[in-house]
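Heads up: the structure comes next, in structure tokens.
Values in this text are rule-based calculations from the coordinates and carry no lab data. Because the structure is predicted, anything quoted here is derived from the model rather than measured. Backbone-built Cβ (ideal geometry, glycine too); neighbour counts: all protein chains shown.
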Amino acid sequence: MELSEELKKLHELYQAGALTEAEYEALKAQLLAPPAAAMPATPTTPHLQPNEVERYLIPSNRPVSAIASGYLGLCSVIPFVGLLAIVTGLIALNRIKREPSMLGAGRAYFGIICGALSSLLWVGGFLSNL
């Protein structure tokens, strides 16, 4: 069937009420689009949404400062690293507060808490030696 015949048939279906205006326009655009062979080949990958487990394991949509705060919190037994964990955690929480769609508050709180505890222990140990 030629293009003009297909367009005419499509228009008749639209006028008969078999198609909505949106369906008619979409089908018409498909008919008028260049053939697939003429279009450049581009790889298409579906956009996959992470599931609940992946959201917690993969650090996507999180400020770098939240990730850094979590790791610095883990390493806060090293002197002064706890202070860095606190600072980066506060920076992360500030950013998350400005952009509510971002995740990572748990990592930031973890870094702040571990950093504060280790800093208190280091200060306590230092003062007890005086």
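Normalising the average separation of contacting C-alpha pairs (under 8 angstrom, six or more residues apart) by the number of residues puts the relative contact order of segment 61-128 at 41 percent. When each of the peptides 2-9, 72-79 is scored by how many other beta carbons lie within 10 Å of its residues on average, the order from highest to lowest is 72-79, 2-9. Highest mean first, the peptides 98-107, 81-90 sorted by other C-beta atoms within 10 Å per residue fall in the order 81-90, 98-107. Listed by chain and number, the aspartates and glutamates whose alpha-carbon sits under 19 Å from that of residue 28, ignoring those within fewer than 8 places in the same chain, are 2, 5, 6, 12.
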